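The values are calculated or read from the model by the stated rules, or taken from the named source; none is laboratory data. Just so we're clear, the structure is a prediction, and the values are computed from it rather than from any experiment. Cβ sites come from the backbone with ideal geometry, for glycine too, and all protein chains shown count toward neighbours.
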Amino acid sequence: MTTVEYMQHHLTNNSVGEGFWTFNLDTIAVSIMLGALIVFVSMRLVRKMEAGTPGGFQNFVESILDFVAVNVRDAFPGHNPLIAPLALTVFLWIWLMNFMDLIPIDLLPYLFQLVTGDSHAYLKVVPTTDLNTTLAMSLTVFFLVIFYNIKIKGLWGYTKVFLFHPFGKFLIPINIIMTLIEEVAKPLSLALRLFGNLFAGELVFLLIALIGGTLAVGAAALFWAPVQILLDLAWLIFHLLVITLQAFIFMVLTIVYLGMAHEDVEHESVH
């Protein structure tokens, strides 16, 4: 492959269908497998939980639970039994999907090509580098925000937010436009932030991988191969922070947006 063909191959999903009804099979399969892994590990852990002397892995899981619980307590007003499990699921699932970016970039596609017998088979293993994934997750959060706004405020109460916020009853048309922009910006910012950071990270790994394929040839490998290893290691360590931070930001914003649907009505009831 040329350099351009190599990058295009790695950035192309294994898909079926056309247009709107295109299904990215690799994104769907990897997402489901990682979600199933969370469920499987959780079930095994619950069966083997120890109250007196928990093991190291149980301590690790409990520290994650405490971390999520603290964030829910700090950012969410009142009580809703859905918020903490949702926040935990969002954090773990996104982190695992992001973590796929740390697996050597050619390894899984190469193994997939060996299994299928197709040397040109596509396999994109990082679901969060697919805008469909991040947009689907952000829209799910967005619909939950709308649901709780209507459930708690009532349909008219939620409508009043669009009519009278932020400039009062004399500027209703402007209020509607401003509030619509504000509401639509929530899922878009969630989706694009996560997608943009992970897609950029994937591109950097591809560029580093190209060093070995284009520069580390013959005697030049004595210089470029160690450079590639050092660059890969440095970016991997930095990207580990990025994937954790992006999962954390998505979780916190999910809590905050759902909290706003509960908090506003409390302020209205006080007045």
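Looking at Asn71, is it over 30 Å from Leu203 (Cα atoms), more than 20 Å from the chain's Cα centre (by Cα) and at pLDDT 90 or above?
No; evaluated as a whole, the condition is false for this residue.
Mind checking which pairs have a first residue in the stretch 75-98 that is without any contact (Cβ under 8 Å) to a residue 24 or more places away in the chain and in a helix (DSSP H, G or I) and a second that is buried (at least 20 other Cβ atoms within 10 Å of the Cβ) and not basic (Lys, Arg), Cβ under 7 Å, 6 or more apart or different chains?
Taking only residues 6 or more apart or on different chains, the pairs are Ala84/Val68; Ala84/Val72.
What about Phe91, is it crowded, with 16+ Cβ neighbours inside 10 Å, in contact with a Phe, Trp or Tyr (Cβ under 8 Å, 6 or more places away or on another chain) and modelled with pLDDT of 95 or more?
Yes.
Scan the stretch 12-37 for residues that are of a type outside the set (D, E, K, R) and either in contact with an Asp or Glu (Cβ under 8 Å, 6 or more places away or on another chain) or not in a helix (DSSP H, G or I) (or both) and jot them down.
Hits for the stretch 12-37 are Thr12, Asn13, Asn14, Ser15, Val16, Gly17, Thr22, Phe23, Asn24, Thr27.
Within the stretch 99-116, which residues are free of Cβ contacts under 8 Å to residues at least 60 places away in the same chain, part of a loop (DSSP other than H, G, I, E, B) and more than 26 Å from Val39 (Cβ to Cβ)?
If the condition is that a residue be free of Cβ contacts under 8 Å to residues at least 60 places away in the same chain, part of a loop (DSSP other than H, G, I, E, B) and more than 26 Å from Val39 (Cβ to Cβ), then Pro104 is the only one that fits.
Name the residues in the stretch 28-51 that are over 22 Å from Leu131 (Cα atoms) and hydroxyl-bearing (Ser, Thr, Tyr), would you?
Ser42 - this is the single residue of the stretch 28-51 that is over 22 Å from Leu131 (Cα atoms) and hydroxyl-bearing (Ser, Thr, Tyr).
Looking only at the stretch 94-133, count how many residues are surrounded by 17 or more Cβ atoms within 10 Å (Cβ to Cβ), acidic (Asp, Glu) and more than 21 Å from Ile229 (Cβ to Cβ).
Number satisfying all stated conditions: 1.
Can you work out which of the residues in the stretch 136-165 that are among the β-branched types (Val, Ile, Thr) and over 19 Å from Leu88 (Cα atoms) is modelled with the highest pLDDT?
Top of the filtered list is Ile146.
Say whether the condition of being at pLDDT below 85 and over 18 Å from Asp101 (Cβ atoms) is met by at least one residue in the stretch 246-262.
Yes, that holds for at least one residue.
Regarding Thr179, is this residue part of a helix (DSSP H, G or I), of a type in the set (Val, Ile, Thr) and at pLDDT 95 or above?
So Thr179 fails the test.
Residues to consider are Thr128, Thr133; find the one that is part of a helix (DSSP H, G or I), at pLDDT 95 or above, of a type in the set (Val, Ile, Thr) and in contact with a strand residue (DSSP E or B) (Cβ under 9 Å, 6 or more places away or on another chain).
Step by step, each of Thr128, Thr133 is checked, and only Thr133 is part of a helix (DSSP H, G or I), at pLDDT 95 or above, of a type in the set (Val, Ile, Thr) and in contact with a strand residue (DSSP E or B) (Cβ under 9 Å, 6 or more places away or on another chain).
Give just the number: which of (1) surrounded by 15 or more Cβ atoms within 10 Å (Cβ to Cβ); (2) over 22 Å from Thr140 (Cα atoms); (3) modelled with pLDDT of 90 or more does Asp26 not satisfy?
Single failed check for Asp26: (2).
Just give me the residues in the stretch 141-192 being within 28 Å of Asp130 (Cβ to Cβ) and loosely packed, with under 12 Cβ neighbours inside 10 Å, in sequence order.
Phe143, Leu180, Ile181, Val184, Ala185
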